[in-house]
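**Student:** I'd like to ask some things about the structure below.
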Amino acid sequence: MTTTPGTQPLLPAASMHIVRRFTYGYNGRLAADVLRHRDVDAWFEAQLNPGADPDADATLAWFPRLKDSPGTTFSNSRSDVYSTWSYGSDLTRYSIARRIVGTNQLYEMMVDFWSNLLYIPAREDSSFAWRMDYDAKAIRPHALTSFKQLLHAAVTHPSMSGFLSNHRNTKTLINENLGRELLELYTVGRTAGYSEDDVRNSARLLTGFTVDFAAGVAPYKPELHHVGPVTVMGKTFPNGAADGRAELKNYLHWLAMRPETAERIANRLCTRFVSDEPPRSVIDAVKQTYLDSDSDIKECLRTLVRHPAFKASAMQKARTPVEDVIATQRACDITPTGSGEDTQLSAVQWYCQWTGQSPFTWPRPDGFPEKSDTYLSPARLLRSWNVHTWMANTSGSVSKATRPAPRNLLPPVWPLPAVDLIHHQAVMMTGSRAPADTVKAALSLIEATETTKFKESWQRPISYMSWQLTLIRTAILNSPEAMLR
Amino acid sequence: MTDGLQPSGADAHDASCRDYGISRRNLLRSAGVVGMAGVATSMFGDVLTSTAFGATNENVLVVLSLRGGADGMSMMVPHAESAYYSARPSIAIKKSTLLHADNTFGLHSSFAPLSPMWNSGKMAAIHAVGLPTPNRSHFEAMELVEDADPGSSERVGWLNRMIGCFTSNDVFDGVQIGATTMPTSLIGPEPAFATTDFGSLAIPWRDNPDLAPRMRTALNTLYKDAGTVIGRTGQDALALDQRAATLAAIEKAGPQNGASYPQYSALGEALASSASLIRSSIGVRAIAVDFGGWDHHVDIGWRMSNQVTEMAKCIAAFYADLGSHASRVTVVTLSEFGRRLNQNGAAGLDHGYGNAVFAFGAGVQGGYYAKWPTLGAGKQVDGDLAVTTDYRSVLAEILESRFPSVGVGTVFPGLSPTRLNFMSPY
């Protein structure tokens, strides 16, 4: 018996698990990228050491305003030349675009992960002008370095100063905001048991940073810095220099290497990449690697992915709304080629918002919840099903995006068994054959049976064939398996 | 079925409450959008709303969570305290601007839209309320306030326990509504509008008589196994599809009785939707609304004015909108903590302790209430207003007055409530 081309998976199941966890979704380009490597482990290692990503980088040109300096951004917003809202929207779309088209998928995933831990929303009044700079200079260069370096870059960035009031924190008038969240959200966590004095002392070490939004500069002013010994959680920092930045670095590095911090980072990594309730064993393993490697992020990911608990966790995470929208876009191989209002990319941004999670719109400093079951409300599912159905559409035009022509989605086999066509579409879109229920659901949508075979004439008129394909793709995208990772 | 709980004042209803065998995870909790049988969760901009439905139309509790730690002393101002004015040289609320001042307290002038409610005795202001012990972490304090079950590791909120006593097995399934501006590319020539509508909660092609049955069959096939990570939610979504159209029609009618919510207010949208659901008599019992933006570390002056103005206008419009149903509805505000007595270096206030709570509407006996600890040097806790009334006592008093079938001991285990008598007795 001959098999219809394209109905068998290109990647084995174990590879698919790693791919689903560390990318924004399967498509043919991703499969080709994996197959260029010796095996999936080699691909993973290459993803940990990403080279240039010209496709992703090219998307920045779609958002010329994101190149505005912080000062220009601020004044444009104040003078209504370009609003805070629009700057934020550009950053959201830029991030989504990179996740769709980028080759360095693991890198984009880690940028997302750290942006959600060291979280600054995109449209907050005292941070937006520096928000793109934060993305470009604090998060992206450090996303695969060490948490020590990343933490320092983030906490000392003017966007963070503005967001958590550190630009108004001086030796005479302490503002606790950043000093507290540094302990609670970014490092040791509440369970570490620090006191209110520790919080104030944490804030004292952070004094000296200022932001002049209108001028677009963020000078460090030693005259505002608290000088003299301060103690946080029993550790005393001499803090003798007028310029406190070196001591702050010591403080941040000390915090980063506290076991409580290692525990929280390990737990969060395992929650994102293993399961909503990760087993103790994998958290412990990642935590130990974190402590042994001076908080090296790549080492932590290597430990995580090699752990038996990771291997045993396939399909245990539901995609969050934004992960699902982007995975759907990739499954349908819709590729944006630009941005602007009423474009396919602006629709994708809206799909994310409509299903409950547009990047950088969470209002509070704790970031979007990492647990995927948080997003499993019935209403979200109804909306996700609708989004899948719209994106499954194989006909009609898309603005500033490309989509495969319906005829190019068919295997060249006539007569074509309907069941083979369903598997062919599933392999193309998800990397796996369609589960039995998906076959059944797709057959019921196209009002066919397991023995239905399409003759060559079925593809004419093209509108009917496109519609049948749309229905099959709708069933595939709406199956539980397509929404899990 | 027993679970070891020994609620004080247990009655038949409490027993049935314990027998209600659903898994009560973080239902009406703040973080995220957990949907569950009996609870609808909605997002209006940044405002998260959860609505619990029961089988009958009885009294309704609306909990308005002021996220971020609202400064009670800027809202219910202790104007007789010299310490208040000396600690806040540039941000204290001047006595001359206060509304409805008595010898001890006065209201921030931005409460003006609620003056009619105050004058008719339907608004109570309660001071020095909070957690039994200080906690200045937003997230942890919020959890403590919402769990209200000290010492228990079960992370179940008090409102969950309360609605667990109402919700029948004839459930309305979870709803999450997102409010956002629709791009014109999606809605064609019609004007863009912010949707908070139930009308969008439908399976694909619901209005197509040919395709809808096929789609429903397909989805029933795909989600027939409730055991997968996502299967149960899929089944709930299919049930919701069957109910949402009715609710959409109700919501579409818009505010009634000439009620006018402030423009561009996510809180207004949330309360307008809530009012329509209450009026529709589909069995709303409890609504939790998250209203953020109270973390005023910087320049509290104008920010507080704006926040209180929005809140006051929205609550006033909400009660107008409810019309005759207002007599069923009690609103209470809660915040995770108050703020420091002393202003910080940025004309703002850092995290503090004792706070003010406001109650509105049905059953409320208006006026000021407090076991006022004063702001004397020896009376402060770490430089903050002390707490003399456990916030659970405030909530317990509302439950006893408006929801007599709910066992207070079930909702607040271990609490010995003290009464302030701001609610009329049941």
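**Student:** Work out the mean other chain Cβ neighbour count within 10 Å for the residues of B:342-353 and drop it here as an integer.
**Tutor:** Working: counts 1, 1, 10, 11, 10, 2, 5, 1, 11, 5, 0, 0.
The shielding value for this peptide is 5.
**Student:** Treat each spin label as a single point 7 Å out from the Cα along the C-beta direction, and report the A:ALA14 to B:ASN220 distance in nm.
**Tutor:** 4.2 nm
**Student:** With the crude spin-label approximation of a point 7 Å out along Cα→Cβ, what separation in nm comes out for A:GLU223 versus B:SER115?
**Tutor:** Modelled inter-label distance: 4.7 nm.
**Student:** How do A:ARG258, A:ARG38 rank when sorted from fewest to most other Cβ atoms within 10 Å of their own Cβ?
**Tutor:** Exposure proxy ranking, most exposed first: A:ARG38, A:ARG258.
**Student:** What is the list of residues in the range B:73-89 whose amide nitrogen lies under 17 Å from a point 7 angstrom out from the Cα of B:SER96, following Cα to Cβ?
**Tutor:** Answer for this model: B:79-80, B:85.
**Student:** Taking each residue in A:365-371, count the Cβ atoms of any other chain within 10 Å of its Cβ, then average. What number comes out?
**Tutor:** Values: counts 3, 3, 0, 2, 4, 0, 3.
For peptide A:365-371, the averaged partner shielding equals 2.
**Student:** Okay, next question. What 222 nm value per residue comes from the helices of chain A, counting each DSSP H run with n ≥ 4 as -39,500 (n - 2.57) and dividing by all residues, nearest 500 deg cm²/dmol? It would help to have the intermediate numbers written out before the result.
**Tutor:** Values: 22 runs with 232 residues, N = 485.
When only DSSP H runs of four or more count, the value is -14500 deg cm²/dmol.
**Student:** Which three numbers, in whole Å and largest first, are the semi-axes of the equivalent ellipsoid of the range A:1-106 derived from its Cα gyration tensor as √(5λ)? Can you show the working numbers first?
**Tutor:** Working: eigenvalues 306, 43, 22 Å².
Values for the range A:1-106, descending: 39, 15, 11 Å.
**Student:** Please name whichever of A:SER165, A:LEU205, A:LEU106 sits farthest to the positive end of the charge dipole of the range A:102-228, dipole taken about the Cα centre and charges placed at Cβ: Lys and Arg +1, Asp and Glu -1.
**Tutor:** A:LEU205
**Student:** Using the Cα centre of the range A:403-462 as the reference point, and only Cβ charges (+1 on K/R, -1 on D/E), how large is the resulting charge dipole? Debye, rounded to the nearest 20.
**Tutor:** The calculated dipole for the range A:403-462 is roughly 220 debye.
**Student:** What average count of beta carbons from other chains do you get within 10 Å of the Cβ of residues in B:209-221?
**Tutor:** Across the residues of B:209-221, the mean count of other-chain Cβ atoms within 10 Å is 5.
**Student:** Please arrange B:LYS379, B:LYS313 by counting, for each residue, the other beta carbons lying within 10 Å of its beta carbon, fewest first.
**Tutor:** Values: B:LYS379 14, B:LYS313 20.
The order, fewest Cβ neighbours first, is B:LYS379, B:LYS313.
**Student:** If eta is 1.002 mPa s and T is 20 °C, what Stokes-Einstein diffusion coefficient results for the range A:93-199, Kirkwood Rh from Cα pairs, in µm²/s?
**Tutor:** Numbers: Rh = 14.8 Å.
D, rounded to a whole number, is 145 µm²/s.
**Student:** I need the semi-axes of the equivalent ellipsoid of the range A:226-325: take the C-alpha gyration tensor, multiply each eigenvalue by 5, square-root it, list largest first in whole angstrom.
**Tutor:** Each semi-axis is the square root of five times an eigenvalue, giving 35, 15, 11 Å.
**Student:** How big is the Kirkwood radius of the range B:210-295, worked out from every pair of different alpha carbons and given in Å to one decimal?
**Tutor:** 15.9 Å
**Student:** Checking a compactness column here: for the range A:338-485, what do you get for Rg(Cα) / (2.2 N^0.38 Å), N being the number of residues?
**Tutor:** 1.19
**Student:** Under the Kirkwood approximation applied to all pairs of distinct alpha-carbon atoms, what is the hydrodynamic radius of the range B:337-415 in Å?
**Tutor:** 14.7 Å
**Student:** Among all the lysines, which ones have a C-alpha under 30 Å from A:LYS249's C-alpha, if same-chain residues fewer than 8 places away are not counted?
**Tutor:** Within reach: A:LYS67, A:LYS137, A:LYS148, A:LYS171, A:LYS221, A:LYS235, A:LYS287, A:LYS298.
**Student:** Find the percent of Cα-Cα distances in chain A that exceed 29 Å, and round it to a whole number. Could you put the intermediate results ahead of the total?
**Tutor:** On the way: 62350 of 117370 pairs.
Here the long-distance tail beyond 29 Å is 53 percent of all Cα pairs in chain A.
**Student:** In addition: Taking 45 Å as R0, compute the FRET efficiency from the Cβ-Cβ separation of B:LYS379 and A:SER293 and round it to 0.05.
**Tutor:** It comes out at approximately 0.30.
**Student:** Given the Cα-Cα distance of A:THR236 and A:ASN408 and 0.36 nm per residue of separation, how much length would full extension add, in nm?
**Tutor:** Value of the extension gain: 55.2 nm.
**Student:** Another one. If you place +1 on the Cβ of every Lys and Arg and -1 on the Cβ of every Asp and Glu, how big does the dipole about the Cα centre of the range A:213-310 come out, in debye to the nearest 20?
**Tutor:** Using Cβ point charges on Lys, Arg, Asp and Glu, the range A:213-310 gives about 120 debye.
**Student:** How would B:LEU66, A:LEU445 line up from fewest to most surrounding beta-carbon atoms within 10 angstrom?
**Tutor:** Exposure proxy ranking, most exposed first: A:LEU445, B:LEU66.
**Student:** Write down the radius of gyration of the protein assembly as shown and its Dmax, each obtained from C-alpha positions, in Å.
**Tutor:** 28.2, 94
We did not get these values from a lab; they are worked out from the coordinates using the rules stated. Everything quoted here is computed from the prediction, not taken from an experiment. Backbone-built Cβ (ideal geometry, glycine too); neighbour counts: all protein chains shown.
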